[in-house]
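Here the structure is laid out as C-alpha cells; the discussion comes afterwards.
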Amino acid sequence: MDRKTVKLQGLNIDTFDFDSAINCASSISGQVVTINPEMIIYASKNKEFADIILSAQLVVPDGIGVEIGLRILGYRVRRIAGIELARELINVFTKENKSIAFVGAKPEIVNKAVENLKNEVKNIDIVYAKDGYFTDDNEVYCELKEKQPKLLLVAMGSPRQEEFIYNLKEFLPNTIMIGVGGSFDVWAGAVKRAPVIYQRMGLEWLYRTIKEPKRFKRIFPTLPLFILKVIKEKITIKNDVPLNSFQDHYVRK
C-alpha cells in the first residue's frame, strides 16, 4: 500500500484513516511509530530520534495535539489511538494464524496482559512475553530472533521503545513492530482508559492528567510549545521564510 504523508515539524506523518492504517500495518514489516507532541518536540532536539521516526515504515498521529497541529497546517488527518491500532492488529494477526510477542512494562503487568488477552482472543498465538526490566538488549534481541514473531508490541515508553525497535529491525526483518506505551497496563486491568466521551473528543490526555496530576509537568509546557512551533511553521511556509535548521535538514535534503 502506497503511503501518503504530510510534513509536520520536518517529520513525515501518514494520512491513513483507521481501517487503512490497519491494512497497511498488517501487510508490511518494520517499525510503526504512534507519534504525539512530546515525541515531536523531543525529535526537534535529538537528531538520532528524528532519524528513527523518519526511517519508520508507518507514522500515525496518536494524540489530539498532532491532529490539531496538522489542521493548523491545513491537513484534515484524524488521530489514530495507538492502543486501538495495536489491539485491532492483535485480532487481525490472530485470524491469520500469525504469532505475536510482547516486551515491556512490569513483570506482573505484562503477564496479566497476556493472560487477559488469551482469555479474550481465541487462538491467539503468543510466542514470547518479557517485561521491560532487563539490562541486556542483545539477549532479548537474540531471543526474539529465535521466535520470529510476526507482530511485536513494545511497551517501554518513548523514546526507549522506539530506539529498541529501531535496533531490532535487522533481527526481525519480517516483523511489524509497534511502540504501545502504557497499553499493557490497560490490557492488564491495572489502568482504566478514559470514558468514551473523552476518547471521542480526543481528551484522553486530560482525563489521565486529572487522574494522575503528576503528568501535568510532563504535558505542560510541551503541548502549548508544540502548538506555537506549528503556528510558526505555518507562518514560515506562508511567507516562504527560510526554515530553521531542523526543518531545513529534513525537508530540503
Roughly how many Å is it from the Cα centre of the stretch 95-149 to that of the stretch 1-54, as a whole number? 24
Scan around LEU58 for amide H atoms under 5 Å from its own, H built in the peptide plane at 1.01 Å from N, and keep only partners 5 or more places away or cross-chain. GLN31, VAL33
Can you list the residues, at least 5 places off or on another chain, whose amide H is less than 5 Å from the amide H of GLY63, using H built in the peptide plane? ILE80
Could you bin all the Cα-Cα distances of the stretch 82-188 into 10 Å bins starting at 0 and give me the percent of pairs in each, rounded to whole numbers? 16, 55, 29, 1
Determine ³J(HN,Hα), in whole Hz, for all residues of the stretch 173-187 in sequence, where each value follows from phi through the Karplus function 6.51 cos²θ - 1.76 cosθ + 1.60 and θ = phi - 60°; x replaces Gly and Pro. x, 10, 10, 9, 10, 10, x, 10, x, x, 4, 4, 4, 5, 5
Set LYS7/LYS214; LYS145/LYS169; LYS45/LYS169; LYS95/LYS118; LYS118/LYS192; LYS112/LYS192 screened for pairs whose C-alpha atoms are more than 21 Å apart: LYS7/LYS214; LYS45/LYS169
So if I take the alpha carbon set of the chain, get Rg, then get Rh from the Kirkwood formula, what is the Rg over Rh ratio? 0.96
Two pseudo-spin positions, 7 Å from Cα along C-beta at LYS4 and at PHE18, lie apart in nanometres by 1.9
The chain, Gaussian network, Cα under 10 Å: of ILE165, ILE52, ILE178, the residue fluctuating most is ILE52
Protection-proxy order for peptides 152-163, 36-47, 123-134, each taking the mean of Cβ atoms within 10 Å per residue, highest first: 152-163, 36-47, 123-134
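Quick check on the chain: helices-only [θ] at 222 nm, where DSSP H runs of length 4 and up contribute -39,500 (n - 2.57) each and the sum goes over total residues. Nearest 500, please.
The helix-only estimate for the chain comes to -14500 deg cm²/dmol at 222 nm.
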If packing is taken as the average number of other Cβ atoms within 10 Å across a peptide's residues, how do 23-35, 86-98 rank, most packed first? 23-35, 86-98
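Every number in this text was worked out from the coordinates using simple rules, so none of it is lab data. Because the structure is a prediction, the values reported are computed rather than measured. Backbone-built Cβ (ideal geometry, glycine too); neighbour counts: all protein chains shown.
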